[in-house]
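One structure is given here, and the rest of the page talks about it.
The values are calculated or read from the model by the stated rules, or taken from the named source; none is laboratory data. Here the structure is a predicted model, which is why all the values come from computation and not from measurement. In this analysis, Cβ positions are derived from the backbone assuming ideal geometry, glycine residues included, and neighbour counts consider all displayed protein chains. In case anyone asks, the SASA skips ligands and DNA or RNA and just uses the protein heavy atoms, side chains included. Shrake-Rupley method; radii C 1.70, N 1.55, O 1.52, S 1.80 Å.
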Amino acid sequence: MKTDNISIMKLVLRLAGKARGMTSPNPMVGAVLLKAGKIIADDYHRKPGAPHAEALVIGKAGDKAKGSTLYVNLEPCCHTDKRTPPCTKAIIASGIKKVIIGMKDPNPKVAGKGIEELRKAGIETVSGILEDESKRLNEAYIKHITTKEPFVILKVAMTLDGKIATPEGESKWITGEKARSEVHKLRSGVDAILTAIGTVKTDDPLLTARVRGLESSRVQVGKNPKRIIIDPNLEIPMDARILQTPPETIIVANSKGQVAKGKKEILSDRGIKIIEYDGEKLDLKWLMKKLGGMEINSLLIEGGSSLNSYALEAGIIDKVMFFIAPKIIGGRESFPCVGGKTFRKLPEAHKLKDINVKRIGEDILIEGYLK
């Protein structure tokens, strides 16, 4: 194996990515120790409260860490306002001579202070190796730590003619099995899924991440996200599957909504958290701040035409993922992927950047970031 900075940092990023969906609200971090051109230890951070990647590789290497080079995709932490000790102290004590870093930590408690501490201790420190890839890996962490809001992904499954359901509401299944499997992996990597009561009443979804091996105790492959339902009048049926299965379900309701007597208390007694808002219409930006305060770093929107439109116009979307099936439904009354009463003229249309297109089974995935 090559031992240049780029190839080792690629390995670090692959290691970090093994814990996708498991480390929130912490970032995903991998680490490699290199000495005399050979890897002497590698590992990654697994979950909040568990040892950080740097501490793990130093522990594995023991005395061999002295004189080695540490590769890590995120600047080592230097503060004590957390459950684990500062990694900078462990690095200095180990005798590591050089540290190669993917990106600086945007956390104000770190933000270059970790690098400064290492340099003051006489450790050569280089930052910015595969920086773009490092930022992309932890894009949800970066958004949350800098804005206190979740990184929001809009996911849509549609036909070639832009439809997500027939006039009767039939939508199973627009995309193929491989695309649906990809969506379950996507769910396992986010903290929460947001939908609206219309989708719950029509489809009675579980909104869980049914990934092969998810229940295995031997392999970390993801987790089930929280489910958040926008339901102003608490219309949700008490036998809805989303209320019967873990993990946590949160309902966003209007404080002055027309709610059946006693239903709020019944839901609360069943462990359903209710977030109430005032006013005629839910302010999605307010909701993002609320969810961010609950340490929800990443949010996947899986809704219908109206919610998709509402979220886009509210300006809360960071990334879109459109799964397009080679099917044509047709029909003026079929549901479009983005509905609503408002539209944008072509010069003002929502535009994407950093677009990626790939084939998933018989379907096409187009993903990109909103400008």
> Pairs, please: C-beta under 6 Å, at least 6 apart or cross-chain, first residue over 13 Å from PRO86 (Cα atoms) and in the stretch 44-66, second open to solvent by 60 Å² or more (accessible area, probe 1.4 Å) and in a loop (DSSP other than H, G, I, E, B)?
Replying inline: TYR44/LYS18
> Name the pairs whose Cβ atoms lie under 8 Å apart, with the first residue in the stretch 303-317 and free of Cβ contacts under 8 Å to residues at least 40 places away in the same chain, the second hydrophobic (A, V, I, L, M, F, W, C) and not in a helix (DSSP H, G or I), and 6 or more positions between them or separate chains?
Replying inline: SER309/VAL338
>> For the stretch 107-121, give me each residue that is acidic (Asp, Glu) and in contact with a helix residue (DSSP H, G or I) (Cβ under 9 Å, 6 or more places away or on another chain).
In response: GLU117
> List the pairs whose first member sits in the stretch 148-160 and is under 17 Å from TYR310 (Cβ atoms), whose second member is part of a strand (DSSP E or B) and not aliphatic (A, V, I, L, M), and whose Cβ atoms are under 6 Å apart, counting only residues at least 6 apart or on separate chains?
Replying inline: PRO150/SER298; ILE153/LYS319; VAL156/PHE322
> Limited to the stretch 142-160, what total is found for residues that are open to solvent by 30 Å² or more (accessible area, probe 1.4 Å), part of a loop (DSSP other than H, G, I, E, B) and more than 16 Å from PRO326 (Cβ to Cβ)?
Replying inline: 2
>> Please verify whether ARG119 is at pLDDT 90 or above, over 21 Å from ILE364 (Cα atoms), open to solvent by 40 Å² or more (accessible area, probe 1.4 Å) and within 16 Å of the chain's Cα centre (by Cα), treating the condition exactly as stated.
In response: no
>> Would you confirm, using the coordinates I've provided, whether ILE296 is in contact with an Asp or Glu (Cβ under 8 Å, 6 or more places away or on another chain), assigned to a loop (DSSP other than H, G, I, E, B), more than 24 Å from PRO167 (Cβ to Cβ) and open to solvent by less than 30 Å² (accessible area, probe 1.4 Å)?
In response: yes
>> So ILE328 passes all but one of these: (1) assigned to a loop (DSSP other than H, G, I, E, B); (2) at pLDDT 90 or above; (3) open to solvent by 60 Å² or more (accessible area, probe 1.4 Å); (4) closer than 30 Å to ARG20 by Cα. Which condition number does it fail?
In response: (4)
>> Can you tell me which residue is surrounded by the most Cβ atoms within 10 Å (Cβ to Cβ) among those in the stretch 80-113 that are over 15 Å from ALA55 (Cβ atoms) and at pLDDT below 90?
In response: VAL110
> Taking the stretch 31-78 only, how many residues are among the aliphatic types (A, V, I, L, M), closer than 22 Å to ASP132 by Cβ and not in a strand (DSSP E or B)?
Replying inline: 1
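Taking the residues in the stretch 250-278 that are part of a helix (DSSP H, G or I) and touching a strand residue (DSSP E or B) at 6+ places or on another chain (Cβ under 8 Å) as candidates, determine which candidate is least open to solvent (accessible area, probe 1.4 Å).
The first filter runs over the stretch 250-278 and keeps only residues part of a helix (DSSP H, G or I), leaving 263-269.
Narrowing further to those that are touching a strand residue (DSSP E or B) at 6+ places or on another chain (Cβ under 8 Å): 264, 267-268.
Working: LYS264: 65, LEU267: 0, SER268: 63 Å².
Of everything passing the filter in the stretch 250-278, LEU267 is least open to solvent (accessible area, probe 1.4 Å).
Can we say THR125 is over 23 Å from ARG20 (Cα atoms), in contact (Cβ under 8 Å) with a residue 24 or more places away in the chain and either in contact with a Pro (Cβ under 9 Å, 6 or more places away or on another chain) or surrounded by 16 or more Cβ atoms within 10 Å (Cβ to Cβ) (or both)? Even if it seems obvious, please write down each step before you answer.
Working: over 23 Å from ARG20 (Cα atoms): yes; in contact (Cβ under 8 Å) with a residue 24 or more places away in the chain: yes; either in contact with a Pro (Cβ under 9 Å, 6 or more places away or on another chain) or surrounded by 16 or more Cβ atoms within 10 Å (Cβ to Cβ) (or both): yes.
Yes: the conditions hold for THR125.
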> Applying the selection to the stretch 161-180, what residues are assigned to a helix (DSSP H, G or I) and either of a type in the set (S, T, N, Q) or without any contact (Cβ under 8 Å) to a residue 60 or more places away in the chain (or both)?
Replying inline: ARG180
> Assuming ILE366 fulfils every condition listed in (1) surrounded by fewer than 16 Cβ atoms within 10 Å (Cβ to Cβ); (2) at pLDDT below 90 apart from one, which condition is it?
Replying inline: (2)
> Does SER309 satisfy the condition of being out of contact with any Leu (no Cβ under 8 Å at 6 or more places or on another chain), open to solvent by less than 50 Å² (accessible area, probe 1.4 Å) and over 24 Å from PRO150 (Cα atoms)?
Replying inline: no
> Just to be sure, is ILE100 touching a residue at least 40 places away in the same chain (Cβ under 8 Å), touching a strand residue (DSSP E or B) at 6+ places or on another chain (Cβ under 6 Å), among the hydrophobic types (A, V, I, L, M, F, W, C) and assigned to a loop (DSSP other than H, G, I, E, B)?
Replying inline: no
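Can you report the number of residues in the stretch 1-30 which are open to solvent by 40 Å² or more (accessible area, probe 1.4 Å) and in a helix (DSSP H, G or I)? Before you say what the answer is, go through the steps one by one.
Taking the stretch 1-30 first, the residues open to solvent by 40 Å² or more (accessible area, probe 1.4 Å) are 1-6, 10, 14, 18, 20, 22, 26.
Checking which are in a helix (DSSP H, G or I) leaves us with 5-6, 10, 14.
Number of matching residues: 4.
For the stretch 140-157, which positions are in contact with a Phe, Trp or Tyr (Cβ under 6 Å, 6 or more places away or on another chain) and either closer than 16 Å to GLU367 by Cβ or β-branched (Val, Ile, Thr) (or both)?
First, the residues of the stretch 140-157 that are in contact with a Phe, Trp or Tyr (Cβ under 6 Å, 6 or more places away or on another chain): 140, 143, 156-157.
Passing the criteria: ALA140, VAL156, ALA157.
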>> I need a count of the residues in the stretch 36-55 that are under 21 Å from SER7 (Cβ atoms) and open to solvent by 20 Å² or more (accessible area, probe 1.4 Å).
In response: 7
